[in-house]
1. My understanding is that a pair violates if its Cα-Cα distance is over 20 Å; which of LYS553/LYS606; LYS167/LYS243; LYS334/LYS377 do that in this structure?
2. Figure the gain on full extension for GLU302 and ILE41 (residue separation times 0.36 nm, minus the Cα-Cα span) and round it to one decimal in nm.
3. Sort the following peptides by mean Cβ neighbour count (other Cβ atoms within 10 Å, averaged over residues), highest first: 202-213, 85-96.
4. Expressed as a whole percentage, what fraction of the accessible surface of the chain belongs to carbon and sulfur atoms when a 1.4 Å probe is rolled over the protein heavy atoms?
5. Going down the table (LYS138/LYS542; LYS82/LYS138; LYS202/LYS376; LYS93/LYS533), which pairs top 23 Å between alpha carbons?
6. Testing the spin-label approximation: label points 7 Å from Cα along Cα→Cβ at GLN467 and SER69. State their distance in nm.
7. Residue by residue, what Karplus-based ³J(HN,Hα) values in Hz, rounded to whole numbers, does the range 423-428 have, using 6.51, -1.76 and 1.60 with θ = phi - 60° and x for Gly and Pro?
8. What share of all Cα pairs of the range 235-391, in percent, falls into each consecutive 5 Å distance bin?
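The values are calculated or read from the model by the stated rules, or taken from the named source; none is laboratory data. Every value quoted in this text rests on a predicted model; they were computed, and no experiment measured them. All Cβ positions, glycine included, derive from the backbone under ideal geometry; neighbour counts span all protein chains shown. Only protein heavy atoms, including side chains, enter the accessible area calculation; ligands, DNA and RNA are left aside. Shrake-Rupley method; radii C 1.70, N 1.55, O 1.52, S 1.80 Å.
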Amino acid sequence: MKYISKLLALFAIGMMATACSNDIEEVNNPLVITNPSVSAINATSAVVSATATGSHITYRGVCYSTSPSPTVDDSKVYSTSKDMVLTLSGLAKNTTYYVRGFAQTMNSVAYSQEISFTTLANASDEDDAQIYWPSDLKRVSVHDPSVVWDSSTSSYYVFGSHRAAAKATNLMSWEAFTAPWATASSNNADNVDAFTTPQVTKVTKGGTAHDFNFDALAWSARGNAGYNVDGNMWAPDVIYNKKMNKWCMYLSINGDNWYSSIIMLTADHITGPYRYQAPVVISGARNNDAFASTDMGIVLGEESLPARYTPSDNYGNHWPNAIDPCVFYDEDGKLWMSYGSWSGGIFMLELDEETGLRDYDVTYATNDTSDPYFGKKISGGYYASGEASYIEYIGGYYFLFVTNGGLSAAEGYQMRVFRSQNPDGPYVDSKGSTALLDQRYMNYGPTENDGNRGVNIFGAYSDWGYQTVGAWGERAQGHNSIIAADDGRTYLVYHSRFQEQGEGHQVRVHQVFQNEEGWLVACPFEYTGEGVKSAGVGAAQKVPTANIPGDYKLLIHNYGLDHAAKAYAAPVDITLNADGTISGAQTGTWTMKSGTSYITINVGGKVYKGVMVPQTLEPYSVQTPSFTALDSSTGVTIWGYKNVAVE
C-alpha cells in the first residue's frame, strides 16, 4: 500500500512538473510584432495597424517620428489589444513619418520593421459617416471645462474646477474621473498637502539661479483666516509639453483679496497623478512682507515692492487676479499663458518651453496695458466683468474667448469672441472694437454700455427644437474651451446652467465653423456625431438647394437680455421660399454661395453670413437643414432649422 502511495505521489509530482513545464513554455512566448500598415492618411492624422503578441507584455503600441528608427522615447500611441488599430493625430502637413510597432516588457523592448508615409498637404474636406447619435449622449457636470485630446488613448478629456474631470472618445459619452495629486510620499495626496512643497525651488534669470520655494496653500490663506483649499482649486488647463514629455496642469489656487496663484503640476499620464512643480504667476502682494514670499523680486530686480502695486484707488482696478489660466502653443511653437478674472483684466505671459514655467528672461514694458511682472494686458480692465480667457488658432486667426457676467443662472454669464493675427493681440471683435477697456463699463445685460463688445456667439435660449425646452432651456453658458481637433472639426466646449434647474450645470459641446469672413459661428444644436468637416463647408454644398426651401424656426441672439428676470432668446416662424425670399415673422432674402455651404441671410436690416449644414434634431435621430450666421456689423448671431417630422 505504501509502495502504491509512493508511486501515486511520484506520478503526481511528474504531472505537476509536466504542467509547470508547459506553463513555462506558455508564459515565455517571444515578442512578435508584425510589420505595420498605414491607412486613412490625412493632413494631420493616419491610422496604423499591427499585431503585437508575446509573454509578459506591459505596454504595446506604435512609435513614430520624423526621423528614421523611432523608439518608445519618441511619440507613441498605446494599445490595450494585441490587434492594434491606432490613430496617429496631431501630425504636421506634408511631412514624412517613420513608424514601428513595439511590445515592451519589464526588461526589454521589441520593435517591428520600419515603415514610412507622408501626410497630405491639405486637410480632407470629405465628410465622415455619422456613427454616433443623440442616444449616445452621457451627461456629466464639469464646471469650467477645459478640453484636451490625448492621442495615446484616442480620447478627449475635460478638466474643471474642484477636481471635476471627464473623458470620452466622441465628445458625447462622458465618463467622470478624478486625477490624483502626488507628493514626495504619496500618489494620492490630500488637497491640503498637495500644493505646499514644490519640486522646483530654483529659477534662472539672465543665467543666474535664484532660490524660490513657494507654498501656494499658505499664500492663499493670507486672504482668509478660515481658508479651506477644497473649494478653491479653480479652472485648470492641461496641455502636453513637447519638450518636457509631461502632461502639465496649470491650476488656480484661489484666495480672497487677490491672494491667488497659478501653479504648474506635471504627470506622466493625462489622468495623473499630478505633482506640484512651481508657481507661474502670483497676485495680491501689497506690502513688503507679501512681496518677499513671491518671485516678484526676481522678475523685477527689486528688493522691495514698487509703489505701483499699492494704488490709491483699488488694487483690482489695475492688476489681475491670478486665476483662470489658458496655456497654448502658437503656430511657431512658442508657449503662452493668458489668465485673469474681472479686476485688472486678462493678461498674458510668455512661458519657457523647457520648464513650462514663466520665461524669466522675457521683459515687459510699464504702461497702461503692460506690466513688468504680470505681463501684457489683452482684454478688459477697471474691474469690468470678464474671465475664463481661452485662445485657439483656427483658420488663420487666434481667437480669444472671454466670459462676461456673473456665473449663476440669473447673473448673465455669456461668451464673447475676439480675434487677432498674433497670439498676444491686439484682439478685436467683428466691429473692430478692441477687447481692452479704457474705463469701467457694464458689459452684459440690459444696461450694457460698452458698445456690445465681443461677438455674441450665443446666449441664453429656450423653446428650441425638442431638447432645449422648458426647464432645460440653456442659460449662463460659459467658461468655455475650444479645440481645432485632429478629426478636421472644431468643437466649442462649455458648461451650461438651465432655465429651471437651480444652479445645476452640465457640459455641452457644439461644432463650430468659420463663415466667409473668417468669424466663428456655432451650430444651432449640440454635437451628436455629425460628420461635416471644417474644410468641407468651403468646398461643397452640404444641403442641396432643392432641400432648403420650407418652414423654419429662427432664433436671434441679441445683446441686452434681462438675466435677473431669466429672459432668453426664443424662436419665431419664418419661411425660406424657393425664389430666395424670406417671409413670416421676419422678412428678407437668402442666398447660397455656389459650390459651398456659405449662406447669406438678410433680415431685419442686417446681413448675416454663415453656413448651412445638416444637423441632428436632438433627441431624435433625424437630420434637418440648419444654419448659423453672424452680422459682423453688430456682433449679433442667428440660428435656424427647418421644420421636419421626427416620428
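1. Correct reply: LYS167/LYS243.
2. 88.5 nm
3. Listed from highest to lowest mean packing, they are 85-96, 202-213.
4. 48
5. Over 23 Å Cα-Cα: LYS138/LYS542; LYS82/LYS138; LYS202/LYS376.
6. The two pseudo-label positions are separated by 5.2 nm.
7. Once θ is set to phi - 60°, the couplings for the range 423-428 become x, 9, x, x, 9, 9 Hz.
8. Answer for the range 235-391: a P(r) of 2, 10, 19, 24, 21, 14, 7, 3, 1, 0 percent.
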